[in-house]
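The values are calculated or read from the model by the stated rules, or taken from the named source; none is laboratory data. What you are looking at is a predicted structure, and each value in this text was computed from that prediction instead of being measured. All Cβ positions, glycine included, derive from the backbone under ideal geometry; neighbour counts span all protein chains shown.
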Amino acid sequence: MLICKCYQENKKFLAFLVATGIIVKLGDAYCFSEKNKPGEAIKGCIMDGKLYPFGEIARTESCFRCSCRPDAMHCCSLFHTPTGYDKENCKVVFNQKSCDYDVVQKSDPSKECFVYSRRG
């Protein structure tokens, strides 16, 4: 009975570690801030030639989540760049609709490749 209980506790702890690792990885995004020039941000912030209103922006045309304030615009990517995949047989293609990278076979782009690591 004691062995069984230890196994169950270890199993719960392992599940906790995996869940924590996933949450940390999902929070790893590329972020940047751009200060606005004095008097420039009267109605909002400009990014890639487009005016975004003050406040939170869920998704820009460039696939970033941003916060626009009179002094600066702070943004984080909605995508993570694939780094671990079969580079010999697969290629990376940015999907503007989903704001993420697809990794597909070079010989048949309709087939996806397995990705085992990404970076933000």
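Figures for the structure shown
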{"read-out": "Residue in the range 26-53 that is modelled with the lowest pLDDT, counting only those that are under 21 Å from Gly120 (Cα atoms), touching a strand residue (DSSP E or B) at 6+ places or on another chain (Cβ under 8 Å) and not in a strand (DSSP E or B)", "value": "Asp28"}
{"read-out": "Pairs, first farther than 12 Å from Arg69 by Cα in the range 29-43, second in a loop (DSSP other than H, G, I, E, B), C-beta under 9 Å, six or more apart", "value": "Ala29/Leu78; Ala29/Phe79; Ala29/His80; Ala29/Gly120; Tyr30/Phe79; Tyr30/His80; Tyr30/Gly120; Cys31/Gly120"}
{"read-out": "Residue check, Phe79 part of a loop (DSSP other than H, G, I, E, B), aromatic (Phe, Trp, Tyr) and either under 16 Å from the mean Cα position of the chain (by Cα) or modelled with pLDDT of 90 or more (or both)", "value": "yes"}
{"read-out": "Test: residue in the range 88-100 that is surrounded by fewer than 17 Cβ atoms within 10 Å (Cβ to Cβ), assigned by TED's automatic domain parsing to the domain that holds Lys37 and hydroxyl-bearing (Ser, Thr, Tyr)", "value": "no"}
{"read-out": "Residue in the range 45-52 that is aromatic (Phe, Trp, Tyr) and closer than 18 Å to Phe32 by Cβ present", "value": "yes"}
{"read-out": "Count of the range 101-120 residues which are out of contact with any Cys (no Cβ under 7 Å at 6 or more places or on another chain) and exposed (fewer than 14 other Cβ atoms within 10 Å of the Cβ)", "value": "10"}
{"read-out": "Residue list for the range 41-69, filter: surrounded by 12 or more Cβ atoms within 10 Å (Cβ to Cβ) and more than 24 Å from Ser98 (Cα to Cα)", "value": "Ala41, Gly44, Phe54, Arg69"}
{"read-out": "Residue tally, condition assigned to a strand (DSSP E or B), under 29 Å from Arg65 (Cα atoms) and of a type outside the set (Asp, Glu), over the range 87-120", "value": "12"}
